[in-house]
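Visitor: First the structure, which I've put down as structure tokens, then a few questions once you've had a look.
The values are calculated or read from the model by the stated rules, or taken from the named source; none is laboratory data. In this text, all values refer to a predicted model and were calculated from it rather than measured experimentally. Here Cβ is always computed from backbone atoms with ideal geometry, including for glycine, and neighbour counts include all displayed protein chains. We work out accessible area using only protein heavy atoms, side chains counted, and drop any ligands, DNA or RNA first. Shrake-Rupley method; radii C 1.70, N 1.55, O 1.52, S 1.80 Å.
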Number of protein chains: 2
Amino acid sequence: MLDAKTKVSKATIRRIPLYYRAAQQMQQQGIRRVRSDKLAEIIHIPSATIRRDFSSFGELGKSGYGYSVATLVEEFGQLLQVQSPEDIALIGVGGLGAALIENNFRRNPDLDIVIAFDHDPAKINTSIGDIPIYSFAELKQRLPKGVHTAIVAVPSSSQASVIPQLEAAGITAIMTFAPQPVACKPTTTIRYIDLTSELQSLLYVAHQKQKA
Amino acid sequence: MLDAKTKVSKATIRRIPLYYRAAQQMQQQGIRRVRSDKLAEIIHIPSATIRRDFSSFGELGKSGYGYSVATLVEEFGQLLQVQSPEDIALIGVGGLGAALIENNFRRNPDLDIVIAFDHDPAKINTSIGDIPIYSFAELKQRLPKGVHTAIVAVPSSSQASVIPQLEAAGITAIMTFAPQPVACKPTTTIRYIDLTSELQSLLYVAHQKQKA
């Protein structure tokens, strides 16, 4: 098993789920070894970056000979701890929040939205499927013990007031769709999903390609 | 102006919209110069990465003295071509697709979903707000001239059949929420938004932090 104390950069850590999923797919297709240049084609990450990332774990094999797909699946799977189920609270049941509840990460049965919060009286004490929606004012009372992860799908203007309340209720991991960076405790981890920036960046790359 | 022919890595290009938005916010707050370590705190990207990214453009200033916020806004804004409006087609009007139409990138008035496609007879020839929904079978006839960008929000199982049809209709830039990588033309640019991977990666980082 990989040494959990290995110093790995944050950028590398962000790529691990991509590596993990690509390796899983190759395993399902019966592929046993993969070289970094082939992997680069599949996941659109430069092969030099892949080799550098993999070498930071030390034991994944040599690039020239190819990496063992089974080893990649096992090691990255352990790193990501997909074996441990994670119950999630959803904050903000607008169109996006409702869509997230409906989809509910069905691709990974260990990720499970179990409760939702909103401040709209028309939504409070209703449910989507079997996921109940409560008043955000009752966050502390309603949040089940052991839930430390929240997805925030509130309007950008509400984000700065929502985050401290989540922290006060014991949330330590937050994925948010409001791109404005927020001050948070050093023990809190926030991931910003910024669809506008993603689209702008896609268009920039696409325009460069069209010009080439 | 920055030299458009400068060789810039894809990873750097993906970060440009983040830099651009952070610089815009600082400009609105009256901040005139910013050092890479301060910027790193705001956007959660290591300062060494920021310095390396900025140096790849050559003319943005020296880190020790700080970068001119106005220069960053101007140069990155030009790079991202936010001045050129971009009309977008949305493919797949489920919960997520409908939420994207409702939100319609209101943070950037130059990004505009103008038309949507689905194969559900209950949705075809209806609209959300003033965005019409047509049959995906009519993609080629209905897609307005000049639309080369699509957002794909179809079930993962449909993705592989949808992408070639988009390419045949003249789409060259695709942002998709189905994470399975798809074969595409060399002239097509695809950006995969993988919320499951993002969440797994967030949880990995958060768990590491809790252990530390």
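Visitor: Within a 10 angstrom radius of each residue's Cβ in A:95-105, how many Cβ atoms of other chains show up on average? Whole number is fine.
Guide: The per-residue average across the peptide is 5.
Visitor: Let me ask something else about it. Which percentage, to the nearest 5, of the DSSP beta bridges contained in chain B is antiparallel?
Guide: 15
Visitor: Mind checking the per residue accessible area of the protein assembly as shown for me, 1.4 Å probe, whole number of Å²?
Guide: 48
Visitor: Once both labels are modelled 7 Å past Cα along the beta-carbon direction, what's the A:ALA160-B:GLN165 spacing in nm?
Guide: Placing both labels 7 Å along Cα→Cβ, they lie 4.5 nm apart.
Visitor: Compute the label zone of A:ASN125 within region A:135-166: residues whose backbone N is under 20 Å from the point 7 Å along Cα-to-Cβ.
Guide: Under 20 Å, as judged by backbone N against the label point of A:ASN125, lie A:135-144 of region A:135-166.
Visitor: When each copy gets a label point 7 Å from Cα toward the beta-carbon at A:GLN180, what are the spacings between them in nm, shortest first?
Guide: 3.9
Visitor: Determine by what factor the alpha-carbon radius of gyration of the protein assembly as shown differs from 2.2 N^0.38 Å, reporting the quotient.
Guide: 0.99
Visitor: Against the 2.2 N^0.38 Å scaling, with N counting residues, where does region A:86-196 land? I'd like the Cα-based Rg ratio to two decimal places.
Guide: 0.97
Visitor: Only four residue types carry charge here, +1 at the Cβ of Lys and Arg and -1 at the Cβ of Asp and Glu. Report the dipole size of the protein assembly as shown about the Cα centre in Debye, rounded to the nearest 20.
Guide: Taking the Cα centre of the protein assembly as shown as origin, the dipole is about 1580 debye.
Visitor: Okay, next question. Label position 7 Å from Cα toward Cβ: report the copy-to-copy distances for B:LYS38 in nm, one decimal, ordered from shortest.
Guide: Spacings between copies for this position, smallest first, are 5.0 nm.
Visitor: Can you give the average number of partner chain beta-carbon atoms within 10 Å of each beta-carbon in peptide B:12-25, as a whole number?
Guide: The per-residue average across the peptide is 4.
Visitor: Let me ask something else. Subtracting the Cα-Cα distance from 0.36 nm times the residue separation, let me have the gained length for B:GLU74 to B:LYS10 in nm, one decimal.
Guide: Extending this stretch completely gives an extra 21.0 nm.
Visitor: Sticking with this structure for a sec: Quick one: ranking A:SER197, A:SER161, B:SER47, B:SER157 by accessible area, 1.4 Å probe, largest first, what do you get?
Guide: Descending order: B:SER157, A:SER161, B:SER47, A:SER197.
Visitor: Of the options B:ILE124, B:GLN78, B:GLN159, report the single residue whose Cα projects farthest towards the positive end of the charge dipole of chain B (beta-carbon charges: Lys, Arg +1; Asp, Glu -1).
Guide: Farthest towards the positive end: B:GLN78.
Visitor: Further, regarding this structure: May I ask you to evaluate 6.51 cos²θ - 1.76 cosθ + 1.60, the Karplus curve with θ = phi - 60°, for each residue of region A:154-167 and list the ³J(HN,Hα) values in order in whole Hz, giving x for glycine and proline?
Guide: Rounded to whole hertz, the list is 9, x, 3, 5, 8, 4, 4, 7, 6, 4, x, 5, 5, 4.
Visitor: Quick one: label points 7 angstrom along Cα→Cβ at B:PRO85, distances to the other copies in nm, smallest first?
Guide: Once sorted, the set of distances for B:PRO85 reads 5.0 nm.
Visitor: Here is a follow-up. Could you please point out the chain A residue with its Cβ nearest to the axis of the rotation taking chain A onto chain B, and the distance in whole angstrom?
Guide: A:ALA99, 3
Visitor: If you take all C-alpha pairs in chain A, what percent of them are over 27 Å apart?
Guide: Cα-Cα pairs of chain A separated by over 27 Å account for 45 percent.
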